[in-house]
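The values are calculated or read from the model by the stated rules, or taken from the named source; none is laboratory data. Only a predicted model underlies this, so the values are computations on that prediction, with no experimental measurement involved. Cβ coordinates were reconstructed from backbone atoms using ideal geometry, including for glycine residues, and neighbour counts include every protein chain displayed. Just so you know, the surface numbers come from the protein's heavy atoms only, side chains and all, with ligands and any DNA or RNA stripped out. Shrake-Rupley method; radii C 1.70, N 1.55, O 1.52, S 1.80 Å.
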Amino acid sequence: MTIFCVVSDSSVIWRISKSSMDRKCAGQREQAGLVSRHVQQIMPPSVEYRLTPAGQIFIEPIEMLYTWAIDHTADLDALAAQQSAGSTAQTADAEEDP
């Protein structure tokens, strides 16, 4: 499973595994007071993260962004295809140059 994580201190988005998300992003969000961590004493152990009241203020803007992305899926797909075609053309040009 790949998760995208936004790190506020560097404004970078990168792909990370679920276990890395637990260590990097969740810990930072917990320190910021946006999520709370609950360890369930079961076998195997399980950790659950819940939004705090401070974290819940982000629900509405994230839902709005999600709705916008769904409404513009075709445009986003076209842009991604255009960028992919451009990078493929640049790679081919670079391979042809001596």
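Some notes on this structure:
- The set of residues in segment 30-65 being in contact with a Phe, Trp or Tyr (Cβ under 9 Å, 6 or more places away or on another chain) and open to solvent by 90 Å² or more (accessible area, probe 1.4 Å) consists of Arg37 alone.
- Scanning segment 33-50 for residues that are in contact (Cβ under 8 Å) with a residue 12 or more places away in the chain and out of contact with any Lys or Arg (no Cβ under 9 Å at 6 or more places or on another chain) gives Gly33, Leu34.
- The helices (runs of 4 or more DSSP H) falling completely within segment 1-94 that include 2 or more residues that are modelled with pLDDT of 85 or more and among the β-branched types (Val, Ile, Thr) map to 59-71.
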